[in-house]
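Below is one structure, written out as structure tokens; the observations come after it.
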Amino acid sequence: MLFDVTRRELADVFGEDRLAAIPATAFPPAAADTGGACLLRSVV
């Protein structure tokens, strides 16, 4: 099940200091199209 979650909503639940931003370049090319990478790219 997929649903929309904003950064603000995550910060409200977990706290701003518990969130981290990972640049797209952190994923090696072989992992760029995995389910996990796609899920992480969808978080705004």
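The values are calculated or read from the model by the stated rules, or taken from the named source; none is laboratory data. All values reported here derive from a predicted model rather than from experimental measurement. Virtual Cβ from ideal backbone geometry, glycine too; neighbours counted across all protein chains shown. These accessible areas exclude ligands, DNA and RNA; they are computed on the full protein's heavy atoms, side chains included. Shrake-Rupley method; radii C 1.70, N 1.55, O 1.52, S 1.80 Å.
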Residues (among the β-branched types (Val, Ile, Thr) and open to solvent by less than 90 Å² (accessible area, probe 1.4 Å)) located in region 1-18: Val5, Thr6
The conditions are (1) out of contact with any Phe, Trp or Tyr (no Cβ under 9 Å at 6 or more places or on another chain); (2) at pLDDT 85 or above; (3) of a type in the set (Ser, Thr, Tyr), and Ser42 fails exactly one of them. Which is it? (2)
